[in-house]
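Okay, structure first, notes after.
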Amino acid sequence: MNPLEKKILEEGTVLPENILKVDRFINHMIDPQLFTELADEFYERFKDKKIDKILTLEVSGIGIAFACGVKFETPVVFAKKTVSKTLGDNVYKAQVYSYTKDINYDIMVAKDFLEKGERILIIDDFLANGKAIEGLISLCEQAGATVEGIGILIEKAFQDGGKIIREQGYKLESLARIKNFDNGIVNFV
């Protein structure tokens, strides 16, 4: 059992509707030592790729993407979910469906931060139905950048997102793949 799976079993909570709450160490409070270990693991899985930038989605992906940015020695860009006065209109934009919030929303990256020809590593916290990753891939395509790989902390393997992304030919590496939830217990693939 890897460190992330162990932490999920120790501190994660299964909520109704197949939602895993990991706010004690990933998306509300961050465990820096764990993130350093996980960034090391992503580095091992993608070290054969030349990476120019790491791309993630605000908010929960930023912590692990930052740790990976330190390890890969590359900048981290995060797609914004909300419009701000400083963002402007010169953006790449994609629409994403959120499984946990049950809403559609736009994600955006300023065109200055994703450029044609760049090699991108996408890093995010969860993969369920794949819509957030598809949105991030779309931003890269709009910019003319190449997605070299996709790293996910927790994949809900019982949903179709991972299968869909892999069938599109992307190298997708998930550090914890959940087979199912059984009476509040997490079972891994």
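What follows draws every value from the coordinates through simple rules; no lab data is involved. In this text, all values refer to a predicted model and were calculated from it rather than measured experimentally. Note that we place each Cβ from the backbone using ideal geometry, even for glycine, and neighbour counts take in every protein chain shown.
Can you give me the P(r) profile for the chain? Cα pairs, bins 5 angstrom wide beginning at 0, each as a whole percent.
Reading the bins upward from 0: 1, 8, 17, 21, 21, 16, 9, 4, 1, 0.
Round to the nearest 0.05 the FRET efficiency obtained for ASN2 and SER138 when R0 = 30 Å and r is the Cβ-Cβ distance.
According to the calculation, E is roughly 0.50.
Counting Lys +1, Arg +1, Asp -1, Glu -1, what net charge surrounds LYS111 among other residues with beta carbon under 11 Å of its beta carbon?
Computed value for this residue: -1.
Classify region 1-110 as rounded, prolate or oblate from the Cα gyration tensor: take a ≥ b ≥ c as the square roots of its eigenvalues, call it rounded if a/c is under 1.5, otherwise prolate when a/b beats b/c and oblate if not.
oblate
Calculate one ³J(HN,Hα) per residue across region 21-26 by plugging θ = phi - 60° into the Karplus curve 6.51 cos²θ - 1.76 cosθ + 1.60, and present them in order as whole Hz with x for glycine and proline.
Residue by residue, region 21-26 yields 8, 10, 6, 7, 8, 10 Hz.
Assigning unit charges at the beta carbon (Lys, Arg +1; Asp, Glu -1) and nothing else, what dipole magnitude in debye, to the nearest 20, does the chain show about its Cα centre? Don't jump to the answer; show the numbers that get you there.
Working: 25 positive and 30 negative charges, 48 e Å.
The calculation lands at about 240 debye.
Beyond a 22 Å Cα-Cα separation, which of these cross-linked pairs lie in this structure: LYS47/LYS171; LYS7/LYS49; LYS49/LYS80; LYS7/LYS47?
LYS7/LYS49; LYS49/LYS80; LYS7/LYS47
Please figure out what share of the DSSP beta bridges in region 57-189 is antiparallel and state it in percent, rounded to the nearest 5.
In region 57-189, DSSP labels about 45 percent of beta bridges as antiparallel.
Hey, rough spin-label estimate for LYS163 and GLU73, points 7 angstrom out along Cα→Cβ, what's it come to in nanometres?
For LYS163 paired with GLU73, the spin-label model returns 4.2 nm.
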